[in-house]
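The values are calculated or read from the model by the stated rules, or taken from the named source; none is laboratory data. Please read all numbers here as calculations on a predicted model, not as lab measurements. FYI the Cβ positions are ideal-geometry reconstructions off the backbone, even for glycines, and counts take in every protein chain you see. To get the accessible areas, we keep the full protein, side chains included, count just its heavy atoms, and leave off ligands, DNA and RNA. Shrake-Rupley method; radii C 1.70, N 1.55, O 1.52, S 1.80 Å.
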Amino acid sequence: MNLAEAQSALDAGLLEARSAVETATLIDDLEEASRQFLGKRSPASAANEAIKGLSAEERPAAGQAVGAYRAAVTELIDARRGVLQGVAEAAGAEGERLDLTLGGHGRMRGHLHLITQIQRELEDIFVGLGYRVAEGPEVEDDWHNFEALNIPPAHPARSMQDTIYVQLGNEEQVLLRTHTSPVQIRTMETHEPPIYVVAPGRTYRNETLDARHSPVFHQIECLAVDRNLTMADLFGTIEAFVRQLFNNDSVRTRFRSDFFPYTEPSAELAVSCVFCHGNGCRVCSHTGWIELGGCGMVDPNVFVAVGYDPEEWQGFAFGFGLERLAMIRYGIDEIRTFVENDVRFLARY
Amino acid sequence: MRAPLSWIREFTPVDAPVDEIVGALNQLGLEVEGVEEPGREIAGVVVADVLQVLPHPNADKLSLVDINDGTRETRVVCGAPNVVAGMHVPFAPAGATLPGGFTLERRKIRGETSDGMLCSAKELGLGEDHSGILGLDASTVPGTDVREVLGLDDVVFDIAVTPNRPDAMCIVGVARELAAHFGVPLSVPGAEPARDAAYASDISVTIESPDRCPRYLGWSARVAMGPSPAWMQQRLVKAGMRPISNVVDVTNYVLLERNQPLHAFDLGRLPGRGVIVRLAKAKESITTLDGVARSLTNEDLLICDAKSKPQAIAGIMGGSDSEVDETTTEILLEAAYFERMGIARSSKRLKLRSEASARFERGIDPDAVASHAARAMALLVEVAGAGVDSTPIDEHVAPFTRPHISLRTSKVNRLLGTELTDTDVLAALSPLGIDVEGSGDAIVATPPSFRPDLEREVDLVEEVARRVGFASIGRTVPKPQDQIGGLTGAQQERRVAADALVGAGFFEAVTLPLVGPSDLERFGAPTDRVIAVANPLRAEDSALRTQILPGLLRAVATNQARGLADVSLFEIGRVFLAAKKGLLPDEKLHLAGVVAGSIHRSPIEGDRPADVYDAVDAVRVLLDALEIADHALVPGSPPGMHPTRAAMVRVGGTEVGSVGQMSARVCESLGVTGSTVAFELDLGALLDAPRRDRAFVTPSPYPPATIDLAFVVAVVVPAASIESTLRAASGEMLEDVHCFDEFTSDALGDGRRSLAFRLRYRAADRTLKDAEVAALRQVGIDAVIKTHGAELRA
């Protein structure tokens, strides 16, 4: 066999191999084709034998022809094997089918209560402003809840508080705190100024639970005491806080003169309605403003009550209700929602 | 309070647009809660003169009324019985509109053309009277807009006055604030009623409790009872008061206008023709104007007649015996100043609040008692034909002194963060009636007698702030210098605990800490330490919780009642126990959880009822999240739980809570159905407990040797104690041990069970030899047999 004859035998073998591979339906057929076209009696093998009889000049060309042939057949077989394996796997997998939309084993996470989420968010904002988080008892004495806050007995301001008293001590001496402000007093009683704290927590009013009243709710209160804190510091801090809270630099704040026994001057804080941008909507009762809470400069009588010199120290405080904030943000219209613990509500946030 | 603009304008020429006035009041701290314009919906209704009334030819109950509306004569059909010739009436011609947006048309009624209608009070939005056409004063001019005649062309501000501002609870007070704000004058004319020379006073005033009643002015007058004139009635109605009679209306009018509560006694029914102001005796009683008999204490102040019989609760409400009525001919007018706290205490104790008590307890103007009484007498002359006694009896112990307050401009600026000048400060304060002298840091301010809230420098700083407006104060953000913001360790760990339970599938609940005592009893709360609410609104809210679980189970019941049977809840909150010493209770921070109903796994695996191991898992997750070093579950019978399916949680040898299946009886009593498991832990104690050592230990790279051991032991022997025994016996080579199989059978015998443990040994520095493993195995077997009376299963 000369070079031309060998080449032609290889070409014929390749054609035959292509036909055999393409019609193969089983992996075994491919094994057979491999033996037939690449094995000991294959055209490649015959061509290798023939090369031995060729001249030194012709051998490299013949060797290359054999190599090309082997590569082509191998590729044909591999390609077909891939196809047949896929078919086989698909056939077997049908019996292993799983429906992933059935869900999982049911191991799901729960949820934090919405009030906890908001409380953490507020704590974190104040921590970012350099504040610490202060706490105090929920059952308080008259001194911390009223008297030290410049609310003496029979003071008209007490008519604003519907207090739950408990049977401890003298009559109307021990109560469930009506606001988080007693934490201010406790913090100042136990710490030297400067003070920068926030006090979140549960507070109580003597109300029966219904759509608009709840005996338990949550407040957060901010207290800062330093040598030269001013009302401008109060307003600036609130504005920084509000921008962060609503994640919105265009939220405006509004301060109006108000009265709280423990601050002087006092102001009511409102923010421009984040839903209608101040144009008026249901959430803001068509006023464009949402009243958020109260604020003011710490009353000198409060400083005297805790033993601070009001000539040396000045401070500010502000606070508001967490339920109210949540109701505004999410359009929740009944305050009792927060203590009913309906799992559909709990799962929503 | 409700303040009509027309009344305000009687004292100051404020002509700003309504929205500017509202803005000013709000800025000044007189919050406007509502603005009403009573005549806003009325258009085209005019005064008409009735010329003649003829019967309607086709209807018995209708008549034809010819009228002159000032420009023309026309005819309307009318059904009201009270229309007569000569009467002045409100006429709504075709094209006019009435409240409710109703526009009139010319139409035929039973064949006769009606050119509009005559209006009743109700049709004009003036109350409920629909019995006849509203008769207007004969002096009204036909053609005049009825809004003008009826005072409906007005704006009424509904103002919420803060408790520190008694002066602003009256029309003059509001006018004063507006005059200052808009820079217009305020003019409050004095009044000096004409005296009746033919009428001489013989009344007496005796103050027996001058500390409670520093000033009492009694003034007598002869009166002709009757209705008050329309203008007075209109103002009272707009201000929210019901007209009663000319005398009573005058007292209310002066109250609203000048903030001076007044009371008119029928002098004919006041035995002894005089008053004694004294404290009540114990068990004394009086029937007040509202018809309620009130029992009094010796802290209540009374106005008695000269025979010492109670006739009024001072400053709060008059008595029914000496109330003026249509038969009254002679009155004793009381204008007094009562001590504030006394009124506040009586009002609170009697649960009786009135317009008068609200003002007295906040503090009225002690210096103006006489001039306000004079204003009332002048009005009585005008509207009740009063013959006024020449001399009022004005008893007061000592003149009232106005405080002189030192004020520093530097303090104003230091507190507000402003750069105001002396001139700015003076300009802010003077228009409020505050006398200001001096300059710089030596200003002396003397507030007027109607501002009891102004006592200290800071009170004046607030006045300055109100007047200059908060908008003119800057905005700066202070940064704490010596502190870094952050949570305490305990605060962070509470978050960790909550997050761990959330990760384990629990929903955080917030329940009421007020519970019924019976709920607590079911949970075996220590009854001697339960704190009772002194003023509970409901029995269910009459005690403070000593445990969270009762409330949490009620939350489960709420969900189940809504068809939500399967819930996993937890709560972190305080519980309250009466302190063994000290006033305030021990407040402990607890964490409780409950799993109720089924655990959903279907259809991959079947649902299964919650079981006690779900609660155990939660406790373990929590203990792990908090890295508690030394904890154990020990068998126990916590109250409220299943007697043999519960355990105490012990940390470092101290019990910190319990876990188990809730008793069926407790669940039923709380309305909870289905399998319910729960836990409650003293979170505070957990946070105080020692934590796992966090020092790094290199994981051994050598292969482990794993063996299984099965023992037969009494069922009351906890698996955990066998694990402990194995751990203690095997030493540090035992890397892990856990129970992987439990079973009971007849062959094992009653009260016995088989427990199988898998033990994994590993050395830190070498591969363990077979002989070493065999020795460790034997040590473990021996220890378990000896300690627990166990047998090794072959």
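A Förster radius of 35 Å, combined with the Cβ-Cβ distance separating A:Gln173 from B:Ser472, puts the computed FRET efficiency at roughly 0.20. Can you work out the FRET efficiency for the pair B:Thr698 and A:Ala347, with r the C-beta to C-beta distance and R0 = 45 Å, to the nearest 0.05? E between B:Thr698 and A:Ala347, to the nearest 0.05, is 0.55. Database note for chain A: Cys without another Cys beta carbon under 4.7 angstrom, A:Cys222, A:Cys295. Packing, as the average of other Cβ atoms within 10 Å across residues, places the peptides B:226-238, A:234-246 in the order A:234-246, B:226-238, highest first. Using θ = phi - 60° in the Karplus curve 6.51 cos²θ - 1.76 cosθ + 1.60, the 3J(HN,Hα) couplings for segment A:284-292 round to 9, 6, 6, 9, x, 10, 10, 6, 9 Hz; x is entered for Gly and Pro.
Entry comment: accessible area of segment A:114-348 is 35 Å² per residue, from protein heavy atoms only and a probe of 1.4 Å.
Sequence-distant contacts, meaning Cα pairs under 8 Å at least 6 residues apart, place the relative contact order of chain B at 8 percent.
In the context of the full set of protein chains, residues of chain B present 43 Å² of accessible surface per residue (probe radius 1.4 Å, heavy atoms only). Counting Cβ atoms of other protein chains within 10 Å of each Cβ in B:411-422 and taking the mean gives 3. Separation between the B:Arg538 and A:Asn248 pseudo-spin-labels, each 7 Å from Cα along Cα→Cβ, expressed in nm? Calculated label separation equals 3.6 nm.
At an R0 of 35 angstrom, the distance between the Cβ atoms of B:Arg760 and A:Glu89 translates into a FRET efficiency of 0.40.
Applying a DSSP loop filter and a limit of 12 other Cβ atoms within 10 Å to the trypsin sites (Lys or Arg not before Pro) in segment A:18-56 leaves A:Lys40, A:Arg41, A:Lys52. Distance between the C-alpha centres of segment B:394-437 and segment B:179-204: 27 Å, rounded to the whole angstrom. If you add up the charges near A:Val139, with Lys and Arg at +1 and Asp and Glu at -1, over every other residue whose beta carbon is less than 10 angstrom from its beta carbon, what do you get? Around A:Val139, the charge tally is -3. For the listed peptides B:142-151, A:168-177, a ranking on the average number of other beta carbons within 10 Å per residue, highest first, reads B:142-151, A:168-177. Peptide packing for B:102-109, B:156-163, B:418-425 was compared via the average number of neighbouring C-beta atoms within 10 Å per residue; ordered from the highest value, the list is B:156-163, B:418-425, B:102-109.
Inter-chain Cβ neighbour count for B:204-213, averaged per residue, equals 0 (cutoff 10 Å, partner chain atoms only). One chain, two ends: B:Ala490 and B:Lys283. Fully extended at 0.36 nm per residue, the span grows by 69.0 nm beyond their Cα-Cα distance. Take the accessible area of chain B alone and of chain A alone, subtract that of the pair, and you get about 8000 Å² summed over both chains, using a 1.4 Å probe. Go through segment B:683-751 and name the trypsin sites (Lys or Arg not before Pro) that are in a DSSP coil and have 15 or fewer other Cβ atoms within 10 Å of their Cβ. Passing both the DSSP loop test and the Cβ count: B:Arg692, B:Arg694. The accessible surface of the protein assembly as shown, taken with every protein chain in place and a 1.4 Å probe, is 51 percent carbon and sulfur. Applying a threshold of 30 Å to the alpha-carbon distances of B:Lys411/B:Lys479; B:Lys351/B:Lys588; B:Lys281/B:Lys351 flags B:Lys351/B:Lys588 as lying beyond it.
Taking amide hydrogens as placed 1.01 Å from N in the peptide plane, the amide H of B:Ile599 sits under 5 Å from those of B:Arg608, B:Ala610, each at least 5 positions away in sequence or on another chain. The label-point distance for B:Glu668 and B:Ser390, in a model that sets each label 7 Å from Cα toward Cβ, rounds to 9.0 nm. Starting from the Cα gyration tensor of segment A:114-348, take the square roots of the eigenvalues, sort them a ≥ b ≥ c, and report rounded, prolate or oblate (rounded when a/c is under 1.5, otherwise prolate if a/b is larger than b/c, else oblate). Verdict is oblate for segment A:114-348.
3J(HN,Hα) along segment A:296-305: x, 8, 4, 5, x, 4, 5, 4, 4, 4 Hz, from the Karplus curve 6.51 cos²θ - 1.76 cosθ + 1.60 with θ = phi - 60°, whole Hz, x for Gly and Pro. Placing dummy labels 7 Å off each Cα toward the beta-carbon, the span from B:Asp60 to A:Asp29 is 11.3 nm. Relative to the longest principal axis of the Cα atoms of chain A, helix A:59-93 runs at roughly 50 degrees. Each Lys and Arg adds +1 at its Cβ and each Asp and Glu adds -1 at its Cβ; summed about the Cα centre, the protein assembly as shown shows a dipole of about 1620 debye.
Across segment B:368-382, coupling constants 3J(HN,Hα) worked out from phi with the 6.51/-1.76/1.60 Karplus curve, θ = phi - 60°, read 9, 3, 5, 5, 6, 5, 5, 4, 5, 5, 4, 5, 5, 4, 6 Hz, and Gly and Pro carry x. Taking every residue in A:116-124 and counting other chain Cβ atoms within 10 Å of its Cβ, the average works out to 2.
Restricting to the protein assembly as shown, what percent of DSSP beta bridges are antiparallel, rounded to 5? DSSP beta bridges in the protein assembly as shown are roughly 95 percent antiparallel.
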